[in-house]
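The values are calculated or read from the model by the stated rules, or taken from the named source; none is laboratory data. This one's a predicted model, so the numbers in the text were calculated from it and none came from an experiment. Here the Cβ positions follow ideal geometry from the backbone for every residue, glycine too, while neighbour counts run over all protein chains shown. Side chains included, ligands, DNA and RNA excluded: accessible areas come from the protein's heavy atoms. Shrake-Rupley method; radii C 1.70, N 1.55, O 1.52, S 1.80 Å.
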Amino acid sequence: MHAGGPVLLSLMGLLFWNTALRAADPLHKEIDRLILARAGGQKPGALTDDAEFLRRVTLDLAGRIPTREETRAFLQDTSPSKRAGLVDRLLNGADYPRRMQELFHVMLMERLGDHADWTQYLQTSFAKNKPWDQLVREMLRGRANDEASKGAPFFLSKRLENYGQNPVDHPALARDIGRLFLGIDLRCAQCHDHLFIKDYKQRDFQGLFAFVENAALKSGPTPEVMEKPTTRKLGFQSVFRKQPMETGPRVPGFAEIEVPVFKKGEEYRVPPNPKTRTPGELRFSPLAKLSETLPVPQNDLFNRNIVNRLWFVMMGRGLVHPLDLHHKGNPPSHPELLDGLAREFVAHKYDIKWLLRELALSDTYQRSSILLPGQEKRAPETFLTALEKPLSAEQMLWSMLEATGEKERVVAASKSGGKNAPLEQARQRFLKAFSGPVREAEEEFSPSLKGVLFLENDALLLGWLTPRTGNLLDRLTKLSDDRVAEELYLCVLTRLPTTEEQQEVESYLKKKAAHRTTALQHLAWALLASTEFCLNH
Amino acid sequence: MKKHPLCRPWEHRLSRRQWLGSVAGGTLGALGLGAIAEPLLADELKKKHRQVLFIWLDGGLSQLESWDPKPHTQFGGPFRAIPTSVPGIQVSELLPRTAKLMHHLAVVRSLCTKDNSHSAGVARIQRGDPKNRGVTYPYLGSAVAKWLGAGESGLPPYIWVKPGSSGFITSDAGFLGPKYGAMAFGDGKPPENLLRPPAISSDEDRERNELRARLDRRYAEKRRKENTEANAYVYEMAAQLQKKQELFNPATFPAKDVARYGSHEFGRHMLLARRFLEAGVTFVKVNSYGWDTHGDNFVGHSNMVPRVDQAFAAMIEDLADRRMLDHVLVIMMSEFGRTPRINGHVGRDHWPEAWSLIMGGCGIQKGALVGKTNDKGTFVTSAEHDIGHLFHTWFQALGIDTQKVEYDNAGQPLPLAHEDCAPIKELLA
């Protein structure tokens with residue numbers, strides 16, 4: 001391709017986009033058009049079959065595999081619009097708020113810790129489909145202004161705790177705000193302009209840092225943050241050029257916020273009261289400014305970051321990848337698509353449900369993950385074949401409960417809640433076995449020894465494979481050998497067995513007739529422990 | 001891409017993520033055997049397969065009640081000094097068995113470190129207290145796991161025997177990433193779920209895994225191979241590890257050995273450590289807790305030091321008998337020493353200014369004595385040595401030249417140990 005190629009293409013992309021807007025095509029059609037526009041002559045993969053689509057979209061929007069009833073019903077449904085119908089049912093289903101809570105918790109907290117108010121906050125927010133800009137405003141504000149935002153400050157407060165004798169890591173908080181809300185990892189820019197990424201300047205890091213440098217954890221039952229008065233600009237210097245510089249709070253790409261000067265003692269509108277332990281109300285609160293000025297439609301980084309992250313959730317890879325390295329040297333694979341998604345998302349008032357629906361309805365989302373001969377080396381960023389996605393610890397838990405037919409029993413036994421409820425105990429064990437290391441984004445499939453040992457030997461999990469009225473093993477023991485495979489594959493892998501698999505199951509059961517229950521347990525275990533099960537393909 | 005001392009290009013981080021993508025979560029790489037060490041270094045080191053036994057007396061062993069006794073002085077305390085198998089070296093009478101083995105060992109009396117606070121101190125010392133560059137350095141165990149790999153033991157390169165809980169301790173690894181973390185045997189027991197429930201025989205286990213593997217093969221036929229391969233690799237490691245169960249089953253420990261090492265906790269843990277070393281584990285750490293005698297220092301030491309003496313001496317004897325001292329580096333130390341001044345509770349407080357440790361094996365000068373403190377034991381009168389000097393020395397003994405080798409933290413080169421320190425020449429044979 002000659003030098004002018006990419007520019008020309010991106011101009012064409014913009015033209016396409018504008019045409020599309022005038023033609024008022026739904027976004028999902030545009031997505032497919034723009035993906036194919038950059039296919040460079042490669043053929044896209046075929047659409048996935050109904051079973052795989054059902055499993056994929058249920059995992060993505062409900063956080064679990066489908067029930068066997070859902071699978072049977074969907075496979076028998078002959079309506080041409082059944083996929084769109086399913087997407088709408090899932091988006092409005094009972095599992096959607098929980099799935100979103102788990103998803104955003106993992107994305108935003110990176111396994112740092114949890115809090116009941118934070119869980120509640122995310123669940124109710126997603127149940128109401130609260131717009132993304134509002135969510136971020138509430139998370140960055142540092143305190144809950146009403147019942148509906150109670151728990152939101154956990155994003156900040158958890159990062160303002162100190163660990164052992166280590167001081168509170170304010171720079172890490174500034175960095176996480178950049179990474180998770182703006183898609184820029186300013187780590188290196190803490191001490192100097194980034195040496196390889198021209199866009200990442202030290203003043204950008206320090207500007208973000210100036211918002212949070214005076215924030216502190218407020219102890220109490222619900223997550224909250226308080227602030228010490230900010231009375232002057234933040235001074236800093238590069239480790240390379242010892243030249244003093246300063247900045248007020250500033251969102252990258254925007255103007256510095258002036259730090260007002262108050263007479264000593266007049267920094268507070270309502271002074272703090274040590275007796276009642278109320279932190280008081282500052283006349284100038286950098287966190288208030290942050291929450292007002294970062295999540296705004298004019299902030300391209302903010303807009304692109306979230307659509308890129310939602311794209312990643314559904315498609316398995318960001319248009320910009322890694323997700324926190326948006327900069328000119330790491331351009332999106334499909335620049336006009338990213339721009340268009342951002343623009344449309346803002347036009348739809350940061351409506352997460354709307355965007356997820358459009359993504360789910362696209363052919364790009366609905367393609368098979370099967371690579372045909374000759375496609376083995378196909379680059380993932382073409383998005384011409386669906387990418388496999390790892391299941392989170394939470395998705396593993398709900399899917400295993402569903403597959404083993406134990407969900408009803410475990411959930412019913414946990415009605416009273418609390419730490420000792422079977423569901424909570426199971427959750428803790430799954431988190432221990434399958435969650436990634438703290439402060440690492442969970443973006444790729446990373447099998448670990450502790451996970452494998454859990455699958456092989458954990459008493460809880462193996463216990464779910466004990467025949468109990470109505471569970472998977474119970475049902476299997478009551479079926480004749482020739483009918484086991486279908487039930488097993490439908491319940492665990494959400495598909496029908498192939499002829500080869502059908503024969504394999506039958507001959508294994510025949511061989512092990514003397515120990516039939518054990519044989520059934522091994523068959524079920526093998527499916528649960530398979531790569532096919534622990535991926536969303 | 002050109003390396004730069006402070007920052008990392010995103011291209012490098014990308015490849016780190018991809019690498020981690022297949023190995024993160026603690027341990028895939030930790031069992032990745034030769035794949036871990038840098039290729040050039042690995043080839044050379046693999047032939048020699050050096051190992052480390054690192055004994056950590058958590059808190060502070062009193063130098064005056066161990067390797068630097070000052071009897072009949074103001075702060076000397078009640079214990080006598082006894083001669084050792086090396087003329088000119090005397091140790092506390094609490095260490096009679098080790099005293100007889102001093103010709104295998106070396107004593108350093110010139111430690112002068114900087115920090116007397118707990119918890120920050122453990123990590124600071126075990127990370128070698130490098131110059132602050134805003135990155136978290138690996139503990140010695142993770143560092144050695146990285147440079148020496150896992151050898152051919154089929155076991156993880158970094159095993160930690162300790163009181164308390166078992167598990168995968170990834171935080172030790174710092175910037176090296178979770179795969180270089182420790183596998184902890186809490187109270188000598190393996191991590192959770194490592195042992196198969198008795199209801200599943202090894203034949204049945206093989207059978208169910210064959211069913212699983214067949215399913216995986218079919219799945220991989222039509223999809224990208226990496227995921228299935230990564231999964232198969234971890235299952236294989238789990239199988240390898242489970243095959244070694246006998247190693248850490250106390251029922252298989254010979255009674256004679258148990259008697260020699262001591263049936264107390266430290267003795268049992270040291271015996272387990274010997275079995276790991278014999279099995280070829282690269283780095284074995286053994287922790288003993290309770291070394292913080294702010295009160296009743298002398299009763300405390302008279303109870304605890306003889307146990308350490310018993311198990312430590314048994315270990316040195318065994319390693320010497322098995323000719324393993326040629327390639328096993330043994331280190332026993334705390335995070336600081338204790339104050340010469342005896343406080344109002346007949347205790348000794350934290351003293352980083354002048355303290356001691358013992359080491360040996362793997363080319364450490366036999367019978368060496370390094371450093372000298374003043375008559376009261378309050379300060380070092382010879383050249384002072386910080387933990388950085390010891391890190392250089394230990395890496396050198398393991399065949400890792402700290403002047404030539406450096407970490408590549410995804411593009412950011414970092415020295416192995418503090419660049420203001422150097423190996424202690426008298427300790428290297």
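For the subset of segment B:282-309 comprising residues that are modelled with pLDDT of 95 or more and over 20 Å from B:Glu93 (Cα atoms), which member is surrounded by the fewest Cβ atoms within 10 Å (Cβ to Cβ)?
B:Asn287
Please report, ordered by residue number, the helices (runs of 4 or more DSSP H) entirely within segment A:91-170 with at least 1 residues that are within 16 Å of the chain's Cα centre (by Cα) and not hydrophobic (A, V, I, L, M, F, W, C).
It comes to A:96-109, A:116-127.
In segment A:504-537, what residues are assigned to a helix (DSSP H, G or I), in contact with a Pro (Cβ under 9 Å, 6 or more places away or on another chain) and more than 10 Å from chain B (Cβ to nearest Cβ)?
Once the filter is applied, which keeps residues that are assigned to a helix (DSSP H, G or I), in contact with a Pro (Cβ under 9 Å, 6 or more places away or on another chain) and more than 10 Å from chain B (Cβ to nearest Cβ), segment A:504-537 yields A:Thr517, A:Leu520.
Within segment B:178-198, which residues are surrounded by fewer than 19 Cβ atoms within 10 Å (Cβ to Cβ), facing chain A (nearest Cβ under 9 Å) and touching a residue at least 12 places away in the same chain (Cβ under 8 Å)?
Within segment B:178-198, B:Leu195, B:Arg196 meet the criteria.
Hey, B:Gly267 hits all of (1) open to solvent by less than 30 Å² (accessible area, probe 1.4 Å); (2) within 19 Å of B:Pro197 (Cβ to Cβ) but one; which does it fall short on?
Evaluating B:Gly267 over (1) open to solvent by less than 30 Å² (accessible area, probe 1.4 Å); (2) within 19 Å of B:Pro197 (Cβ to Cβ) leaves (2) as the failure.
crowded, with 21+ Cβ neighbours inside 10 Å and within 21 Å of the chain's Cα centre (by Cα): is that true of B:Ala145 in this structure? Please lay out each step first, then the result.
On the way: crowded, with 21+ Cβ neighbours inside 10 Å: yes; within 21 Å of the chain's Cα centre (by Cα): yes.
Answer is yes for this residue.
For the subset of segment B:239-257 comprising residues that are closer than 18 Å to B:Ser201 by Cβ and among the basic types (Lys, Arg), which member is most open to solvent (accessible area, probe 1.4 Å)?
B:Lys243
Being open to solvent by less than 20 Å² (accessible area, probe 1.4 Å), assigned to a helix (DSSP H, G or I) and not β-branched (Val, Ile, Thr) is the filter here, so list the residues in segment B:361-409 that pass it.
B:Gly388, B:Leu390, B:Phe391, B:His392, B:Trp394, B:Phe395, B:Ala397
If I go through segment B:136-175 residue by residue, how many of them are more than 10 Å from chain A (Cβ to nearest Cβ), β-branched (Val, Ile, Thr) and part of a loop (DSSP other than H, G, I, E, B)?
Applying the first criterion (more than 10 Å from chain A (Cβ to nearest Cβ)) to segment B:136-175 yields B:136-155, B:157-166, B:169, B:172, B:174-175.
From what's left, β-branched (Val, Ile, Thr): B:136, B:144, B:159, B:161, B:169.
Then keep just the ones that are part of a loop (DSSP other than H, G, I, E, B); that gives B:136.
Total satisfying the criteria: 1.
Given the criterion crowded, with 22+ Cβ neighbours inside 10 Å, part of a helix (DSSP H, G or I), out of contact with any strand residue (DSSP E or B) (no Cβ under 7 Å at 6 or more places or on another chain) and within 14 Å of another protein chain (Cβ to nearest Cβ), identify the matching residue among A:Glu381, A:Glu394, A:Glu402, A:Glu456.
Working: A:Glu381 fails: crowded, with 22+ Cβ neighbours inside 10 Å; A:Glu394 fails: within 14 Å of another protein chain (Cβ to nearest Cβ); A:Glu402 fails: within 14 Å of another protein chain (Cβ to nearest Cβ).
Going through A:Glu381, A:Glu394, A:Glu402, A:Glu456 in turn, the sole match is A:Glu456.
Identify the single condition in (1) within 14 Å of chain B (Cβ to nearest Cβ); (2) touching a helix residue (DSSP H, G or I) at 6+ places or on another chain (Cβ under 6 Å); (3) at pLDDT 95 or above; (4) open to solvent by less than 30 Å² (accessible area, probe 1.4 Å) that A:Leu476 does not satisfy, given that it satisfies every other one.
For A:Leu476, the failing item is (1).
Name every residue in segment B:199-235 that is under 36 Å from the mean Cα position of the chain (by Cα), in a loop (DSSP other than H, G, I, E, B) and crowded, with 18+ Cβ neighbours inside 10 Å, in order of residue number.
Across segment B:199-235, the qualifying residue is only B:Ile200.
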